[in-house]
Amino acid sequence: MVTSADRVRSFVALPCPSQLRASIARAFETWKVSSQGVRWVDPGNSHLTLKFLGDASADQLDRLDERLRTIATTTGPVEFHAGETGAFPNWKRPRVLWLGLVGAEPIVALAEAVEAASRDVGFEPEQRSFSPHLTLARVKRPQAARGVARAVRGWRPSIGAELVSEIVLYRSDLLSDGARHTPLARYELSGRIE
Ligand code: 2AM
């Protein structure tokens, strides 16, 4: 999967389903007219992070690969139903603008399984509690971003639930114009839908 001896910045995520991706892309077109002080996430790259792994060795990723296969064969496709927008740490001084989910319990359970598997193969445990979200934008200049934050707050995509039927192990490269995410492996969620 990763053959060099280098360590690879990586994470495990659910890719954003297609209708929601399109809805986010349309909203961006409106928001981008007045966007200042933020960096939008490329909708083509949009994902829900289940576990951020950090710098990983090829050996660690191989061991995790085996565990992710097991999780995927015992987990069914998960429902992705967009909810409201939010801000980390808060709307007053937002650093990250995101979209939350409705009825995310199966995704929370999946994230817990991925977290446990990652810990078992030697990755650092996550200190923060899991908060399922799709990052829409990262705020670079909070003062300048006030107008954007007002537009994003209260937006809700007008589409129903969609199923996501794979988890993806991504490599993440930090480039001068933002992060580039490249799938290293895909795992089909082929278990039964609960
Ligand atoms: P996000 O899910 O809120 O967008 C790759 O960097 C992905 O892993 C990003 O999507 C990012 O945030 C997520 N991530 C989670 N914890 C991270 C951390 N400590 N450092 C960098 N990225 C992290």
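Read the figures in this text as sums done on the coordinates, not as results from a lab. It should be emphasised that the depicted structure is a prediction, and the values quoted were computed from it without experimental measurement. FYI the Cβ positions are ideal-geometry reconstructions off the backbone, even for glycines, and counts take in every protein chain you see.
Some observations on this one:
- For segment 29-134, the convex hull spanned by the alpha carbon atoms encloses 141 Å³ per residue.
- A simple packing score, the average count of other Cβ atoms within 10 Å per residue, orders the peptides 102-111, 8-17 as 8-17, 102-111, with the highest score first.
- Per-peptide average of other Cβ atoms within 10 Å, ordering 48-58, 33-43 highest first: 48-58, 33-43
- Considering only Thr85, Thr73, Thr135, the mean-square fluctuation computed in a Gaussian network model of the chain, springs between alpha carbons under 10 angstrom, is largest for Thr73.
- Per-residue [θ]222 nm for the chain (sum of -39500 (n - 2.57) over DSSP H runs n ≥ 4, rounded to 500): -9000 deg cm²/dmol
- Taking a ≥ b ≥ c as the square roots of the eigenvalues of the Cα gyration tensor, an a/c ratio of 1.5 or more together with a/b larger than b/c marks segment 19-70 as prolate.
- With Cα atoms, 0 to 90° folded angle of helix 18-32 axis to the chain main axis: 30 degrees
- For the pair Ala109 and Ser131, label points projected 7 Å from Cα toward Cβ lie 2.4 nm apart.
- Selection of trypsin sites (Lys or Arg not before Pro), segment 123-181, meeting DSSP coil and at most 15 other Cβ within 10 Å: Arg128, Lys140, Arg153
- Relative contact order, percent, the chain [alpha-carbon distance under 8 Å, six or more residues apart]: 35 percent
- Structural descriptor for segment 29-113: relative contact order 23 percent, calculated from alpha carbon pairs under 8 angstrom and at least 6 residues apart.
- Relative to the globular-protein estimate of 2.2 N^0.38 Å, the Cα radius of gyration of segment 7-188 stands at 1.04.
- 12 Å beta-carbon shell around Lys140, net charge (K/R +1, D/E -1): +4
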